[in-house]
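The values are calculated or read from the model by the stated rules, or taken from the named source; none is laboratory data. Bear in mind that the values here come from a model prediction, so they are computed numbers and not experimental data. Here Cβ is always computed from backbone atoms with ideal geometry, including for glycine, and neighbour counts include all displayed protein chains. To get the accessible areas, we keep the full protein, side chains included, count just its heavy atoms, and leave off ligands, DNA and RNA. Shrake-Rupley method; radii C 1.70, N 1.55, O 1.52, S 1.80 Å.
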Number of protein chains: 2
Amino acid sequence: MSERTLRVIGLGLIGGSLLRAAAEAGWKVRGMARSAAVVTAVREAGFDATSSIEDALADDDALVVLAVPLPAVVDVLPMVARHAPYCRLTDVVSVKQPVAAAVARHTPAARYVGGHPMAGTSASGWAAGSATLFTGAPWVVGSDDGADPVVWAQVAGLALECGAHVVPAGAADHDAAVARVSHLPHLLAAVLASVGAGGGSLATALAAASFTDGTRVAGSRPELVRAMCEGNRDALLAAVDDALGRLGAARGSLASTGGLAATIQAGHLARQTFDRHSSRSDTVHIDLTAPDALARLRDLGHQGARVIAVEGTSCRLEFGS
Amino acid sequence: MSERTLRVIGLGLIGGSLLRAAAEAGWKVRGMARSAAVVTAVREAGFDATSSIEDALADDDALVVLAVPLPAVVDVLPMVARHAPYCRLTDVVSVKQPVAAAVARHTPAARYVGGHPMAGTSASGWAAGSATLFTGAPWVVGSDDGADPVVWAQVAGLALECGAHVVPAGAADHDAAVARVSHLPHLLAAVLASVGAGGGSLATALAAASFTDGTRVAGSRPELVRAMCEGNRDALLAAVDDALGRLGAARGSLASTGGLAATIQAGHLARQTFDRHSSRSDTVHIDLTAPDALARLRDLGHQGARVIAVEGTSCRLEFGS
């Protein structure tokens, strides 16, 4: 049953976790890592692995997952084009527009549906992986026009089998959203940590929970944070400008009237909205082969819906947490 | 033993917790709250309480604690000046320069040593208090020149008996430090929450732990956050300007070269420094009656030392957490 054959290119935290989770869900899996030590470790853990990408791509009928960092995507894609040009292809990279552009350029014949499981960034490597990494995590499945409904259903099904909930979104919308709720938080945490350190040991001694919480992700590996943030440059610039505008307005208000009501109230309301669950509780069915299926999926994703089941080429979405 | 008689003016979260903790430590306590309902609740909990400030200040030989919000300090001080002009006086307000200025103006004869226990802001009121609120928390004790060594020792001793560790600091240094590590984090959390909400339901659905952590304190009661931030206006403006400068530099770098190395690396290093304990492990004894005692205390506080014991008018400080 080649439909459920998976090839995972790159066996770091995400790729390695996907290999484990998919195997547990009954997929026939094979992983590929350049490092011989990693391949050995993966085999010792009981999984099929190879250090040859040609070997990994030999089965043209597998679903291929790009699980390499963004900068390596352009190195891997030409090999995919060479060895499995028509393959079903997805990825787990944290930005979607640059990957989609690279796929269009290097492997235009592949049936590509992008993905982004939003789990774990502070640990890394095969050893840090786990079959349960994706449990309860959002997993974005790219829903731009042109996506093959069969591949879309397989990628969404894989994500669900890994324990994630599927959020349908277009690449541009995805990148704009994660800039606001993932990349900007990392940047603000770095800024806050530096401003705090500027206060010396006394400030450190007086650091409240607000500082500890607000700087936690500044402890993440800098090269991973940079890759994530720099890879989403345009969308992150827009989010940073929004933050600069709001912080500048707060500064102006504090300096002129001494008041921060607008800033504090807006933030409080926003956080309350974030904590509140969606008021919608209906279920929506989508036939993935319908002409407007992808537009409807994007619209539902915009409204906070998630895919909770895939059957053949139809899926079911729900609202709420 | 009048030395260990305490009058707590204001019985909200901090004042109410202090009343409980000091009573447990053997102080003879009396609380004052304007609300009859609060007085009843405090009495039902087994503590002495009054709604008359004259009554609360009748014992001129007690240590008086101002535990009212900053805006109410100027209302209470004239009554202190009237009923107990020479009292030993401290406070638990989150900014120190405005309180010191108000004390100098309204109760110049009081023997004032400021304080700031850094515990709990998201709950409030007598019912939310607890005798253990201060356990392990930093408690700043004002150490500007002119502080009475006897009162300093009593305030520091009270803080230690409440389970806190004492950080000596001048009022200006305190206000600058908390602007960086407490007030700015609240402002950035509000900004981040608003930017996230600007991304709509899709952004909310994709919010990572970085967003949840970075916006947590935006859930605090807006009026408390405002009072805290607005009361520390000048120091907060400087901290905001530092943050704006750093975020603006990151924006410029991302827009021009596409790189965020400087920002991310600096933040990572700062957070690592924050997580690391002090490398010093020596103990320092200070005779509080020595001419340079307060200057030495401030200097040690700057270096991250904390007072761990007070005996008579001498105290012992240690480094590390």
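What the table below lists for this structure:
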{"item": "Meets criteria (under 30 Å from residue A:223 (Cβ atoms) and exposed (fewer than 14 other Cβ atoms within 10 Å of the Cβ)) for residue B:245", "result": "yes"}
{"item": "Elements of type helices (runs of 4 or more DSSP H) in the range A:29-116, at least 3 residues being within 19 Å of the chain's Cα centre (by Cα)", "result": "A:70-83, A:97-106"}
{"item": "Test: residue in the range A:32-48 that is open to solvent by less than 60 Å² (accessible area, probe 1.4 Å), of a type in the set (Gly, Ala, Ser) and touching a Phe, Trp or Tyr at 6+ places or on another chain (Cβ under 7 Å)", "result": "yes"}
{"item": "Hits in the range B:203-226 - residues which are more than 7 Å from chain A (Cβ to nearest Cβ), in a helix (DSSP H, G or I) and surrounded by fewer than 19 Cβ atoms within 10 Å (Cβ to Cβ)", "result": "B:209, B:212, B:223"}
{"item": "Any hit, the range B:272-293, residues being of a type outside the set (A, V, I, L, M) and open to solvent by less than 20 Å² (accessible area, probe 1.4 Å)", "result": "no"}
{"item": "Count of residues meeting criterion [among the hydrophobic types (A, V, I, L, M, F, W, C) and surrounded by 18 or more Cβ atoms within 10 Å (Cβ to Cβ)] in the range B:104-136", "result": "8"}
{"item": "Conditions (1) at the interface with chain A (Cβ under 10 Å from one of its Cβ atoms); (2) at pLDDT 90 or above; number of the one not met by residue B:294", "result": "(1)"}
{"item": "Residue list for the range A:297-321, restricted to those being farther than 22 Å from residue A:146 by Cβ and either at pLDDT below 90 or not small (Gly, Ala, Ser) (or both)", "result": "A:303, A:304, A:306, A:308, A:311, A:316, A:318, A:319, A:320, A:321"}
{"item": "Test result for residue A:179, at pLDDT 95 or above, surrounded by fewer than 24 Cβ atoms within 10 Å (Cβ to Cβ) and more than 7 Å from every other protein chain (Cβ to nearest Cβ)", "result": "no"}
{"item": "Extreme residue, nearest to the chain's Cα centre (by Cα), among residues of the range A:240-259 that are within 7 Å of chain B (Cβ to nearest Cβ) and hydrophobic (A, V, I, L, M, F, W, C)", "result": "A:240"}
{"item": "Residue selected from the range A:182-202 under the condition over 15 Å from residue A:218 (Cα atoms) and either part of a helix (DSSP H, G or I) or touching a residue at least 12 places away in the same chain (Cβ under 8 Å) (or both), by the criterion nearest to the other protein chains (Cβ to nearest Cβ)", "result": "A:201"}
{"item": "Any hit, the range B:127-149, residues being assigned to a helix (DSSP H, G or I) and either assigned by TED's automatic domain parsing to the domain that holds residue B:230 or in contact with a Gly (Cβ under 7 Å, 6 or more places away or on another chain) (or both)", "result": "no"}
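To keep it simple, each residue is scored yes or no on (1) over 22 Å from residue B:291 (Cβ atoms); (2) modelled with pLDDT of 95 or more.
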site	(1), (2)
B:132	yes, yes
B:137	yes, no
B:142	no, yes
B:146	no, no
B:150	no, no
B:156	no, yes
B:159	yes, yes
B:165	yes, no
B:168	no, yes
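Residue-wise test of (1) within 12 Å of residue B:112 (Cα to Cα); (2) surrounded by fewer than 18 Cβ atoms within 10 Å (Cβ to Cβ); (3) in contact with a helix residue (DSSP H, G or I) (Cβ under 7 Å, 6 or more places away or on another chain); (4) in contact (Cβ under 8 Å) with a residue 24 or more places away in the chain.
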{"residue": "B:56", "(1), (2), (3), (4)": "no, no, no, yes"}
{"residue": "B:61", "(1), (2), (3), (4)": "no, yes, yes, yes"}
{"residue": "B:65", "(1), (2), (3), (4)": "yes, no, yes, yes"}
{"residue": "B:86", "(1), (2), (3), (4)": "yes, yes, no, yes"}
{"residue": "B:91", "(1), (2), (3), (4)": "yes, no, yes, yes"}
